[in-house]
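Participant: Mind looking over this structure? Questions follow.
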Amino acid sequence: MASKSKRVIPGTTIFDGDMARKGYALNKMCYSFNSEENRQAFLADREGYCARFGLNAEQTKAVLDLSVLAMLAAGGNAYFIAKLGGIYKLDMQDVGAQQTGMTKAEFQAKLVAAGKN
Amino acid sequence: MARIVGGISVTHVPYIGRAIANSLQQDAYWKPFFDGFPPVHAWLDKVKPDVAVVVYNDHGLNFFLDKMPTFAIGAAEEYRNADEGWGIPTVAPFKGDPDLSWHLIDSLIEAEFDLTTCQEMLVDHAFTLPLELLWPKRNAALRTVPVCQNTVQFPLPTPKRCLAFGRAIGKAIESWDSDARVVVIGTGGLSHQLDGERAGFINKKFDLEFMEKLVTDPDWVTRYSITDLVELTGTQGVELINWLTARGALGGAVKAIHTNYHIPISNTAAGLIAMETV
Ligand SMILES: [Fe+2]
């Protein structure tokens, strides 16, 4: 891959061509979760389901650990990862709390505070 | 010729679908959001649009990363919603307007906007929820044309390109040989970021300025690059380019009929603005 200098926004990943290439298998698996049948197949054999979509070891571990930051680092896209989160009934405050190391209540308070100033 | 009566831009968080399904509109959490809509309903009752052109972004329902058009347009008789994987209820199909779709396709490609044409197209919450919010008692006569912009995989279309695309959509609608009354809807935003250590980022100051400039001076937005907008509004806040395209379609001067802004709905700063062409 040619090296390009990219602008860095702290705590933020731009889902560009490099990430889209890296995360293709992971995102393709998450895209399959638009179907209830596939969601059930995943829950029945999570590791086997990851293997069927060709996830690498880093991606598979991130999925099995349900670690959103690790999935992002492995090329996962937020909109697709959210479909995996849906299987575990995680809402966006659960996901936000996990990524920021806060409790869910702290994360929700941070959102409310953003409206106050 | 067809007439553009105005435009509406509104947030499209998936959980709004659950709130509607469970009739939570007057629940303390949801009330400040849903209370923004009655004045817009009254305006729609007055201007009575026949067709809605809806500028939105897909979230991995109709388009995957295997084929990702920058600009796509529906040209179907009907648009169906389907399971998006996050457990929100699926809503009934919306009627299309293939005559307007093909007029837009012909006009826009002639104007050198080479968009992807879709005779079958699933529409996700970003298309369905704004329509459910704006017509809570479903207007069965309303015809729709979905216009989908890529906000998933970078590079995204620049704000300058979106505004020009919107202006071309507006010109195309006004050259359509029809007596239809058209409303242009933009969906998504405002500031929010779902992913990364910066998850939960919201920028009220920027959002409020954006809403004001959208009415008075939409070219103001073109001073920002997409990366600037990610920094200022979050990785998903950049969906506000759908608002910009919809605003472009309204042409020159517009008058704001109603605005609402509330933080938070889920992780999102929820905005609403209705504008009438003058
Ligand atoms: Fe969205």
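Participant: Please go through segment A:65-86 and give me each residue that is out of contact with any helix residue (DSSP H, G or I) (no Cβ under 6 Å at 6 or more places or on another chain) and either away from chain B (no Cβ under 12 Å) or open to solvent by 40 Å² or more (accessible area, probe 1.4 Å) (or both), ordered by number.
Facilitator: Keep residues of segment A:65-86 that are out of contact with any helix residue (DSSP H, G or I) (no Cβ under 6 Å at 6 or more places or on another chain), which gives A:65-67, A:72-73, A:78-79, A:82, A:86.
Selection gives A:Asp65, A:Leu66, A:Ser67, A:Ala73.
Participant: Can A:Phe53 be described as open to solvent by less than 10 Å² (accessible area, probe 1.4 Å) and either modelled with pLDDT of 95 or more or out of contact with any Gly (no Cβ under 9 Å at 6 or more places or on another chain) (or both)? It would help to see each step written out before you state the result.
Facilitator: Numbers: open to solvent by less than 10 Å² (accessible area, probe 1.4 Å): no; either modelled with pLDDT of 95 or more or out of contact with any Gly (no Cβ under 9 Å at 6 or more places or on another chain) (or both): yes.
It is false that A:Phe53 is open to solvent by less than 10 Å² (accessible area, probe 1.4 Å) and either modelled with pLDDT of 95 or more or out of contact with any Gly (no Cβ under 9 Å at 6 or more places or on another chain) (or both).
Participant: Which one is least open to solvent (accessible area, probe 1.4 Å) among residues in segment B:198-207 that are touching a residue at least 60 places away in the same chain (Cβ under 8 Å) and part of a helix (DSSP H, G or I)? Break it down into steps so the answer makes sense when it comes.
Facilitator: Let us first name the residues in segment B:198-207 that are touching a residue at least 60 places away in the same chain (Cβ under 8 Å), namely B:199-200, B:202-204, B:207.
Imposing the further condition that a residue be part of a helix (DSSP H, G or I) reduces the set to B:204, B:207.
On the way: B:Lys204: 52, B:Asp207: 0 Å².
Here the answer is B:Asp207.
Participant: Would you be able to tell me the number of residues in segment B:49-80 that are of a type in the set (D, E, K, R) and within 13 Å of the ligand (Cβ to nearest atom)?
Facilitator: 1
Participant: A follow-up question, please. Considering only residues of segment B:1-35 that are under 19 Å from the mean Cα position of the chain (by Cα) and within 14 Å of chain A (Cβ to nearest Cβ), which is nearest to the ligand (Cβ to nearest atom)?
Facilitator: Once the filter is applied, the top-ranked residue is B:His12.
Participant: Within segment B:43-51, is even one residue of a type in the set (A, V, I, L, M, F, W, C), under 17 Å from the mean Cα position of the chain (by Cα) and not in a helix (DSSP H, G or I)?
Facilitator: Here is the first cut: in segment B:43-51, the residues of a type in the set (A, V, I, L, M, F, W, C) are B:43-44, B:47, B:51.
From what's left, under 17 Å from the mean Cα position of the chain (by Cα): B:44, B:51.
Filter once more, keeping what is not in a helix (DSSP H, G or I): B:51.
There is at least one residue in segment B:43-51 that is of a type in the set (A, V, I, L, M, F, W, C), under 17 Å from the mean Cα position of the chain (by Cα) and not in a helix (DSSP H, G or I).
Participant: Can I ask one more? Among the residues of segment A:19-36, write down those that are over 16 Å from the mean Cα position of the chain (by Cα) and either touching a residue at least 24 places away in the same chain (Cβ under 8 Å) or more than 10 Å from chain B (Cβ to nearest Cβ) (or both). First the steps, then the outcome.
Facilitator: Taking segment A:19-36 as the starting set, the residues that turn out to be over 16 Å from the mean Cα position of the chain (by Cα) are A:35-36.
Those that are over 16 Å from the mean Cα position of the chain (by Cα) and either touching a residue at least 24 places away in the same chain (Cβ under 8 Å) or more than 10 Å from chain B (Cβ to nearest Cβ) (or both): none in segment A:19-36.
Participant: Kindly indicate whether any position in segment B:117-140 is more than 16 Å from the ligand (Cβ to nearest atom), touching a helix residue (DSSP H, G or I) at 6+ places or on another chain (Cβ under 7 Å) and either in a loop (DSSP other than H, G, I, E, B) or open to solvent by 10 Å² or more (accessible area, probe 1.4 Å) (or both).
Facilitator: Here is the first cut: in segment B:117-140, the ones more than 16 Å from the ligand (Cβ to nearest atom) are B:117-121, B:134-140.
Narrowing further to those that are touching a helix residue (DSSP H, G or I) at 6+ places or on another chain (Cβ under 7 Å): B:117, B:134.
Next, only the ones that are either in a loop (DSSP other than H, G, I, E, B) or open to solvent by 10 Å² or more (accessible area, probe 1.4 Å) (or both) stay: B:117.
Yes, there is a match, as at least one residue in segment B:117-140 is more than 16 Å from the ligand (Cβ to nearest atom), touching a helix residue (DSSP H, G or I) at 6+ places or on another chain (Cβ under 7 Å) and either in a loop (DSSP other than H, G, I, E, B) or open to solvent by 10 Å² or more (accessible area, probe 1.4 Å) (or both).
Participant: Report, by residue number, each residue of segment B:208-234 that is within 16 Å of the ligand (Cβ to nearest atom) and open to solvent by 10 Å² or more (accessible area, probe 1.4 Å).
Facilitator: Residue satisfying the conditions is B:Ile226 alone.
Participant: Okay, next question. I need a count of the residues in segment A:95-117 that are facing chain B (nearest Cβ under 9 Å) and of a type in the set (Lys, Arg).
Facilitator: Adding up the residues that qualify gives 2.
Participant: Quick check on my filter: what residues within segment B:235-258 are open to solvent by 50 Å² or more (accessible area, probe 1.4 Å) and in contact (Cβ under 8 Å) with a residue 60 or more places away in the chain?
Facilitator: Correct list: B:Ile257 only.
Participant: Now for a different question. Tell me yes or no: at least one residue of segment B:170-182 is open to solvent by 10 Å² or more (accessible area, probe 1.4 Å), among the small types (Gly, Ala, Ser) and either within 30 Å of B:Gly87 (Cα to Cα) or under 15 Å from the mean Cα position of the chain (by Cα) (or both). Break it down stepwise before answering.
Facilitator: Step one: list which residues in segment B:170-182 are open to solvent by 10 Å² or more (accessible area, probe 1.4 Å), which gives B:171, B:174-179, B:181.
Applying the additional criterion that residues be among the small types (Gly, Ala, Ser) yields B:175, B:178.
Applying the additional criterion that residues be either within 30 Å of B:Gly87 (Cα to Cα) or under 15 Å from the mean Cα position of the chain (by Cα) (or both) yields none.
Among the residues of segment B:170-182, not one is open to solvent by 10 Å² or more (accessible area, probe 1.4 Å), among the small types (Gly, Ala, Ser) and either within 30 Å of B:Gly87 (Cα to Cα) or under 15 Å from the mean Cα position of the chain (by Cα) (or both), which makes the answer no.
Participant: Another one. Within segment B:178-195, track down each residue that is within 16 Å of the ligand (Cβ to nearest atom), among the small types (Gly, Ala, Ser) and out of contact with any Asp or Glu (no Cβ under 6 Å at 6 or more places or on another chain). Walk me through it before giving the result.
Facilitator: Residues of segment B:178-195 within 16 Å of the ligand (Cβ to nearest atom): B:185-195.
Still in the running and among the small types (Gly, Ala, Ser): B:186, B:188-189, B:191.
Answer for segment B:178-195, where residues must be within 16 Å of the ligand (Cβ to nearest atom), among the small types (Gly, Ala, Ser) and out of contact with any Asp or Glu (no Cβ under 6 Å at 6 or more places or on another chain): just B:Gly186.
Participant: Considering each of B:Glu239, B:Glu231, B:Glu209, B:Glu197 in turn, give the residue that is within 14 Å of chain A (Cβ to nearest Cβ) and under 21 Å from B:Thr259 (Cα atoms). Working first, answer last.
Facilitator: Working: B:Glu231 fails: under 21 Å from B:Thr259 (Cα atoms); B:Glu209 fails: within 14 Å of chain A (Cβ to nearest Cβ); B:Glu197 fails: under 21 Å from B:Thr259 (Cα atoms).
Every option except B:Glu239 fails the conditions.
Participant: So A:Lys110 ticks every box in (1) more than 19 Å from B:Trp86 (Cα to Cα); (2) in a loop (DSSP other than H, G, I, E, B); (3) of a type in the set (Lys, Arg) but one. Which box is left unticked?
Facilitator: (2)
Participant: Tally time: how many residues in segment B:45-75 are surrounded by 21 or more Cβ atoms within 10 Å (Cβ to Cβ), farther than 22 Å from B:Ala111 by Cβ and away from chain A (no Cβ under 13 Å)?
Facilitator: 1
Participant: Could you list all residues from segment A:1-18 that are at the interface with chain B (Cβ under 7 Å from one of its Cβ atoms) and under 30 Å from B:Val123 (Cβ atoms)? Step through it out loud before you land on a result.
Facilitator: To start, the set of residues in segment A:1-18 that are at the interface with chain B (Cβ under 7 Å from one of its Cβ atoms) comprises A:7, A:9-16.
Those that are at the interface with chain B (Cβ under 7 Å from one of its Cβ atoms) and under 30 Å from B:Val123 (Cβ atoms): A:Thr12, A:Thr13, A:Ile14, A:Phe15, A:Asp16.
Participant: Has segment B:76-86 got any residue that is open to solvent by 10 Å² or more (accessible area, probe 1.4 Å) and farther than 30 Å from A:Ala78 by Cα?
Facilitator: Checked against the condition, which is being open to solvent by 10 Å² or more (accessible area, probe 1.4 Å) and farther than 30 Å from A:Ala78 by Cα, segment B:76-86 yields at least one hit.
Participant: In segment B:102-114, what count of residues is obtained for those that are in contact with a Ser or Thr (Cβ under 8 Å, 6 or more places away or on another chain) and either at pLDDT below 95 or open to solvent by less than 20 Å² (accessible area, probe 1.4 Å) (or both)?
Facilitator: Number satisfying all stated conditions: 1.
The values are calculated or read from the model by the stated rules, or taken from the named source; none is laboratory data. Quick caveat: nothing in here was measured; it's all calculated off a predicted structure. Using ideal geometry, Cβ is built from the backbone for each residue, glycine included, and neighbour counts are taken over all protein chains shown. The area values use the complete protein model at the heavy-atom level, side chains included, leaving out ligands, DNA and RNA. Shrake-Rupley method; radii C 1.70, N 1.55, O 1.52, S 1.80 Å.
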